[in-house]
Amino acid sequence: MNIIINTLLIVGILSQFKFMDKLIGAVLTSGGIVAVVVGLASQEAASTLVGGMMILISKPFNIGDTIVLKDNGLRGTVKDINIHHTVVETLDKTLIMIPNVKAAGVVGMGGAGFPTGVKLGTDLDGGYILINAAECEPGLKHNIMQIENECDKVIRGVKYCMEISNAAKAIFAIKKKNEKACKTLKEALKDEPAISIHLLPDIYPMGEERAVVRETLGIELEPTQLPAAAKSIVINVETLARVAEAIDERKPSFSKNLTVVGKIKGGNKPHVFMDVPVGTSVGDLIEMAGGLDGEVGEIVMGGPFTGKATTLDAPITKTTGGIIPTIEFPDLHGATMGVLVCACGGDETRMRDIATKMNSKVVSVARCKQAAEMKSGALKCERPGNCPGQVKNSMQFKKDKCEYIIIGNCSDCSNTVMGSAPQMKLKVFHQTDHVMRTIGHALYRKLRVSKSVDQLPNGK
């Protein structure tokens with residue numbers, strides 16, 4: 001089996017080079033049999049892995065081709081290929097259906113990495129596909145660029161998801177500030193009565209899935225509830241494009257779109273890279289963007305809020321959204337620090353890491369009053385983007401003799417912290433400060449924009 005997998009990996013990589021297409025096709029079809037291993041493992045993780053390898057080559061088989069089934073070695077004939085399944089008939093006339101999206105190894109590309117084939121298995125009974133086009137992490141641009149440049153592919157993905165999940169409508173949730181992308185969507189959707197646009201304010205975290213549900217449908221979900229409770233599925237832009245590729249091209253999901261931005265030679269403008277092979281090193285991508293511009297404080301993999309420090313030799317994954325080399329950290333010379341942990345930003349480990357890099361001493365840790373702990377130990381915000389206040393935590397930090405506090409809160413929570421902490425002589429850092437200063441973005445302190453925006457007539 002290892003030999004088969006390794007062979008498929010090599011062939012899949014080589015197939016990305018156009019000059020290899022004919023050679024690979026000739027090898028695979030020699031003898032009139034397309035030798036394709038179809039992953040049908042019982043466990044989800046194994047099925048996704050092997051299934052992804054099954055279609056490493058774009059359109060590896062057609063109706064009438066003979067393929068080999070991985071689990072039992074049975075040989076069968078491809079009888080049908082539709083948006084839902086590839087149907088294979090074995091020699092004893094048994095029909096086996098292989099889900100296309102699942103077999104392609106498509107997962108949520110926005111960060112969670114949940115298998116999309118499983119998510120689309122929900123029968124929405126006329127509900128909604130909600131498209132997370134917020135691209136909420138500051139500095140990242142690849143989702144918005146995909147809408148601008150590949151809008152048709154994204155919309156095809158939306159329609160496929162609607163059909164697979166039995167959804168009657170779809171809504172793009174996108175920040176109003178992205179004028180070009182909004183204009184592109186409006187034009188593309190003018191003859192699509194079932195798909196509309198909902199404009200979002202430019203605050204963090206409008207891309208959190210329960211925030212998307214609240215903003216688009218007006219339904220406030222509990223932290224323990226999934227969007228399915230509102231007859232909806234939330235899928236981000238890149239994931240939709242991968243669904244379209246899996247169905248239209250029978251192409252596996254083994255590449256990633258991402259943004260490289262920060263302390264890069266030539267300036268801090270974002271560099272967007274599309275279809276980067278999973279496993280490419282952070283260092284290689286930084287070199288592609290121009291190389292590091294001198295000494296850096298750290299390299300963040302992901303976004304400023306939810307990303308973590310990484311190294312040059314670390315590989316990217318299907319959920320890597322950004323690579324951000326930052327300026328160096330300020331030296332606080334051992335000053336006492338309080339850490340306010342929020343569900344919308346870094347966890348306590350990440351916050352302590354930043355505090356250490358600033359040469360401070362953590363003497364107090366508190367949790368945002370809206371951060372609810374799940375059974376898994378993860379935190380979820382009770383009302384993402386809407387904060388009732390943080391005075392109690394500021395008082396605790398003052399009592400614990402903190403000179404500074406570091407926060408990782410959303411836009412609104414940061415605003416409420418700033419309403420109390422400075423009055424208590426507490427100096428405030430946000431965990432994103434070093435990133436924001438690097439990329440030329442406003443720091444997260446006072447909320448200076450409205451939390452509501454005017455909508456398009458009839459969502460168009």
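The values are calculated or read from the model by the stated rules, or taken from the named source; none is laboratory data. This is a predicted model, so every value here is computed, not measured. Here the Cβ positions follow ideal geometry from the backbone for every residue, glycine too, while neighbour counts run over all protein chains shown.
Of all residues in the range 379-409, which are of a type in the set (A, V, I, L, M, F, W, C) and either at pLDDT 95 or above or out of contact with any helix residue (DSSP H, G or I) (no Cβ under 9 Å at 6 or more places or on another chain) (or both)?
Result: 379, 395, 397, 402, 405, 406, 407.
Yes/no per residue for (1) assigned to a loop (DSSP other than H, G, I, E, B); (2) of a type in the set (Gly, Ala, Ser):
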{"position": "240", "(1), (2)": "no, no"}
{"position": "243", "(1), (2)": "no, no"}
{"position": "246", "(1), (2)": "no, yes"}
{"position": "250", "(1), (2)": "yes, no"}
{"position": "259", "(1), (2)": "no, no"}
{"position": "267", "(1), (2)": "yes, yes"}
{"position": "273", "(1), (2)": "no, no"}
{"position": "276", "(1), (2)": "no, no"}
{"position": "294", "(1), (2)": "yes, yes"}
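I'm trying to understand the selection: among the residues of the range 143-164, which are touching a residue at least 40 places away in the same chain (Cβ under 8 Å), surrounded by fewer than 22 Cβ atoms within 10 Å (Cβ to Cβ), assigned to a helix (DSSP H, G or I) and in contact with a helix residue (DSSP H, G or I) (Cβ under 9 Å, 6 or more places away or on another chain)?
Residues satisfying the conditions are 145, 153, 156.
Name the residue, out of 77, 122, that is outside any loop (DSSP other than H, G, I, E, B) and hydroxyl-bearing (Ser, Thr, Tyr).
Within the list 77, 122, the selection yields 77.
Whether any residue in the range 171-179 is surrounded by 22 or more Cβ atoms within 10 Å (Cβ to Cβ) and not aliphatic (A, V, I, L, M) is what I want to check.
Checking the range 171-179: at least one residue is surrounded by 22 or more Cβ atoms within 10 Å (Cβ to Cβ) and not aliphatic (A, V, I, L, M).
If residue 102 passes every condition in (1) among the basic types (Lys, Arg); (2) in contact (Cβ under 8 Å) with a residue 60 or more places away in the chain; (3) over 28 Å from residue 346 (Cα atoms) but one, which one does it miss?
All conditions pass for residue 102, except number (2).
Go through 380, 401 for me and flag whichever is part of a strand (DSSP E or B), surrounded by fewer than 23 Cβ atoms within 10 Å (Cβ to Cβ) and touching a residue at least 40 places away in the same chain (Cβ under 8 Å).
Exactly one of 380, 401 is part of a strand (DSSP E or B), surrounded by fewer than 23 Cβ atoms within 10 Å (Cβ to Cβ) and touching a residue at least 40 places away in the same chain (Cβ under 8 Å), namely 380.
Every residue, every condition in (1) more than 21 Å from residue 344 (Cβ to Cβ); (2) crowded, with 23+ Cβ neighbours inside 10 Å, yes or no:
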| position | (1), (2) |
| --- | --- |
| 214 | no, no |
| 225 | no, no |
| 233 | yes, yes |
| 243 | yes, yes |
| 250 | yes, no |
| 254 | yes, no |
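Residues are listed down the side, and each one gets a yes or a no for (1) farther than 21 Å from residue 138 by Cα; (2) of a type in the set (Gly, Ala, Ser):
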position: 347; (1), (2): no, no
position: 352; (1), (2): yes, no
position: 356; (1), (2): yes, no
position: 359; (1), (2): yes, no
position: 366; (1), (2): yes, yes
position: 418; (1), (2): no, no
position: 432; (1), (2): no, no
position: 436; (1), (2): no, no
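Taking the condition of being in a loop (DSSP other than H, G, I, E, B), touching a Ser or Thr at 6+ places or on another chain (Cβ under 9 Å) and not hydrophobic (A, V, I, L, M, F, W, C), how many residues in the range 352-377 meet it?
2
Applying the selection to the range 202-234, what residues are among the charged types (D, E, K, R) and not in a loop (DSSP other than H, G, I, E, B)?
Listed by number, the residues that qualify are 209, 210, 214, 215.
Looking only at the range 311-320, decide whether some residue is aliphatic (A, V, I, L, M), in contact with an Asp or Glu (Cβ under 6 Å, 6 or more places away or on another chain) and assigned to a loop (DSSP other than H, G, I, E, B).
Here is the first cut: in the range 311-320, the ones aliphatic (A, V, I, L, M) are 312, 314, 316.
Retained after the next criterion (residues that are in contact with an Asp or Glu (Cβ under 6 Å, 6 or more places away or on another chain)): none.
Scanning the range 311-320, I find no residue that is aliphatic (A, V, I, L, M), in contact with an Asp or Glu (Cβ under 6 Å, 6 or more places away or on another chain) and assigned to a loop (DSSP other than H, G, I, E, B), so the answer is no.
Could you please find all residues in the range 192-201 being part of a loop (DSSP other than H, G, I, E, B) and closer than 28 Å to residue 85 by Cα?
If the condition is that a residue be part of a loop (DSSP other than H, G, I, E, B) and closer than 28 Å to residue 85 by Cα, then 192, 193, 194 are the ones that fit.
Which of the following residues is in contact (Cβ under 8 Å) with a residue 24 or more places away in the chain and closer than 29 Å to residue 314 by Cβ: 227, 270?
On inspection, the qualifying residue turns out to be 270.
I'm trying to understand the selection: among the residues of the range 125-142, which are within 16 Å of residue 184 (Cβ to Cβ), part of a strand (DSSP E or B) and either touching an Asp or Glu at 6+ places or on another chain (Cβ under 6 Å) or of a type outside the set (Val, Ile, Thr) (or both)?
Result: 133, single match.
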